[in-house]
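Everything below concerns the one structure shown next.
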Amino acid sequence: MKTIKLIEVKSELGAGTRGASMGPDAIKIAALDFGSSYFKKHKTVEVLNENKLLMEPIVHDYAKRIKGILSVCDKVAKEVSKTITEGKNFPIVLAGDHSTAIGTISGLKIAMPDKRIGVIWIDAHADMHSPYTTPSGNMHGMTLAALLGEDNMTNAVNKPDEETVEHWNQLKNLGGICPKINYTDLCFIALRDFEPQEDHLIKTNKVRIFNLAEIRRKAVERIAIESLNYLDQCDVVYISFDVDSMDSSISKGTGTPAPQGITEKEAGNLIYYLLRSRKICCLEMVEINPTLDKENLMAENAFEILLKASNQITNDF
């Protein structure tokens, strides 16, 4: 039987808007409002953040606060690796911005260096920029590129300074392994908002996308089955759930909402069906920003999804 271990990462260094660091606590408030003892029931550990750097001037324009993100991701990697190697633990990472997933997947790879890790990226965005291609410099848009060891020099538009390049290479090589994942072991669900540089990588590497039209045509249970079948060659599978995968009419409490997304019910059912697979080794939930929300609605939706996912994990594993 698997035991859930919650890993809180209250970091928002990689985001362009402030407030995502409050996401984990907003979910706790939602749990209290629902009268749930969820956070008392499950063991929780908090990874130290570097949010003090938000008060400092931006030094690296094409990879904002990369030094702090490198530090946070290193801590996350160590905590996730420890959680996996402890035995029958199932880590659920509740994080601020999506850059922390660099640490999460690095930790999985450190703990399981010989395992092939599949990634199901439930997100409106591709997060495949590098310091050479980024239009914003915000590092929550570079997560998958770091994990893939991808610079995308073919589409380079920026010339980052030497220190940025050094830190970027350190981030790609976190845990001494690069790349952590392969393009063939990645699929997107609800992806719809990305730049031409990312589109080039997706098309060149033939990355599988389950878009909204396909989701609606087949329904989420079928999408869960097909995404797991697509990653059948992988030994373990990680799920990353960015709340902006949900439609902007729902996902107001996030920094980068996008229209034409899935509903909260579809998101909850999708993750529930995915978790029926024993290959799933970790779930991450990111980008809840209560400062942009009204009446904590996003966190309430996220908590209901979290609760449904957790019940599946403890019942089936």
(message) Kindly evaluate T184 against the criterion of being surrounded by fewer than 16 Cβ atoms within 10 Å (Cβ to Cβ), outside any loop (DSSP other than H, G, I, E, B) and in contact (Cβ under 8 Å) with a residue 40 or more places away in the chain.
(response) no
Counting only residues in segment 101-125 that are in a loop (DSSP other than H, G, I, E, B) and out of contact with any Phe, Trp or Tyr (no Cβ under 8 Å at 6 or more places or on another chain), the one surrounded by the most Cβ atoms within 10 Å (Cβ to Cβ) is identified as A124
Over segment 227-238, the set of residues assigned to a helix (DSSP H, G or I) and under 19 Å from the mean Cα position of the chain (by Cα) is S227, L228
Residue count, segment 179-238, condition acidic (D, E) and over 22 Å from E264 (Cα atoms), comes to 6
Selection from segment 4-35 of residues surrounded by fewer than 15 Cβ atoms within 10 Å (Cβ to Cβ) and under 22 Å from T314 (Cβ atoms) yields L32, F34, G35
Per the filter on segment 50-100, residues within 17 Å of P24 (Cα to Cα), in contact with a strand residue (DSSP E or B) (Cβ under 7 Å, 6 or more places away or on another chain) and assigned to a loop (DSSP other than H, G, I, E, B) are G96, D97
Going by the structure shown, is A224 free of Cβ contacts under 8 Å to residues at least 60 places away in the same chain and either in a helix (DSSP H, G or I) or touching an Asp or Glu at 6+ places or on another chain (Cβ under 7 Å) (or both)?
yes
For segment 239-273, the count of residues that are touching a Ser or Thr at 6+ places or on another chain (Cβ under 7 Å) and either in a loop (DSSP other than H, G, I, E, B) or over 13 Å from D123 (Cα atoms) (or both) equals 5
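Values quoted throughout were computed directly from the atomic coordinates according to the rules given, and no laboratory measurement underlies them. Not measured: the values here are computed from a predicted model. Cβ coordinates were reconstructed from backbone atoms using ideal geometry, including for glycine residues, and neighbour counts include every protein chain displayed.
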